[in-house]
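Just below is one structure, and these are the notes that go with it.
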Amino acid sequence: MDFNAVDSEMVLFGQTMAYTLYSLSIILVVGWFGRKLTIAEGGVSKVSDRFFYFFVAFLTLLGLSLHLITANTIPWVELDLNRSQIQADKVFEITVADHKFSLPAEKLVIDCHDKVLFDVTSYDLTYGFGLFRQDNSLVLQMQVTPGHKNEILWEFNESGVYSIRSTEYSGPAGYNMIVKDAVEVIGCSN
């Protein structure tokens, strides 16, 4: 599988399916255990203890496997794990103050497969920094707190035009913190 072709929508769908099935299995175990506890005194459970504990061990292994498998399919994990060895192709220094984003250019243009570092500084409040597709689905986001380093490294593998929005509540004036068509990724063969 080409992990560079995996995007957040695919990851979300896969994780939703896997964790829904896993959660339903756990709910069944809890119900099963509750049923065993409520059997009348002297009654015999139809479920053997050995089978019950085998099922619990199976769910534990399944849960661990889900975490290990999905960790390798999430597009940003490799970037985060190897962050110290990765040199960003482009760095965009963005500031936020008084409920407004200030960008280094009117439109941030990114080439396909560039590793881009968004360095966002807040001068007053805690904001969010989110990049959204044209259909309003989220690509990436981070919390931006004043007095702290707020960076996110991202590799783009899909051409498109993206908007920047605040993803944190920063008071009533923050409802309209949107910079439409602020980022354009070019050169990918979608």
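The values are calculated or read from the model by the stated rules, or taken from the named source; none is laboratory data. This one's a predicted model, so the numbers in the text were calculated from it and none came from an experiment. All Cβ positions, glycine included, derive from the backbone under ideal geometry; neighbour counts span all protein chains shown.
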Would you confirm whether any residue within the range 167-177 is under 19 Å from Val11 (Cβ atoms), of a type in the set (Val, Ile, Thr), touching a strand residue (DSSP E or B) at 6+ places or on another chain (Cβ under 6 Å) and not in a strand (DSSP E or B)? yes
Filter the range 76-129 for residues that are in a strand (DSSP E or B) and of a type in the set (Ser, Thr, Tyr); which is surrounded by the fewest Cβ atoms within 10 Å (Cβ to Cβ)? Ser102
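Can you say whether Ser189 is surrounded by fewer than 14 Cβ atoms within 10 Å (Cβ to Cβ), within 16 Å of the chain's Cα centre (by Cα) and among the polar types (S, T, N, Q), as far as the supplied structure shows? Can you show your working first?
Values: surrounded by fewer than 14 Cβ atoms within 10 Å (Cβ to Cβ): yes; within 16 Å of the chain's Cα centre (by Cα): no; among the polar types (S, T, N, Q): yes.
Spelling it out, it is not the case that Ser189 is surrounded by fewer than 14 Cβ atoms within 10 Å (Cβ to Cβ), within 16 Å of the chain's Cα centre (by Cα) and among the polar types (S, T, N, Q).
Among the residues of the range 130-152, write down those that are touching a Leu at 6+ places or on another chain (Cβ under 8 Å) and either crowded, with 19+ Cβ neighbours inside 10 Å or closer than 17 Å to Ala182 by Cα (or both).
We begin by selecting, within the range 130-152, every residue touching a Leu at 6+ places or on another chain (Cβ under 8 Å); these are 130-132, 138-141, 146, 151-152.
Residues satisfying the conditions are Gly130, Leu131, Phe132, Leu138, Val139, Leu140, Gln141, Ile152.
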Residue list for the range 50-98, filter: in contact with a Leu (Cβ under 8 Å, 6 or more places away or on another chain) and either at pLDDT below 85 or on the phi > 0 side of the Ramachandran plot (or both): Trp76, Leu79, Asp80, Arg83
Being within 27 Å of Gly171 (Cα to Cα) and among the small types (Gly, Ala, Ser) narrows it down to one of Ala88, Ala105, so name that one. Ala105
Residues of the range 132-149 satisfying the condition of being in contact with a Phe, Trp or Tyr (Cβ under 7 Å, 6 or more places away or on another chain) and either within 18 Å of Val116 (Cβ to Cβ) or modelled with pLDDT under 90 (or both): Phe132, Arg133, Leu138, Val139, Leu140, Gln141, Met142, Val144
Pairs, first within 15 Å of Ala57 (Cβ to Cβ) in the range 17-28, second of a type in the set (Gly, Ala, Ser), C-beta under 7 Å, six or more apart: Tyr22/Gly63
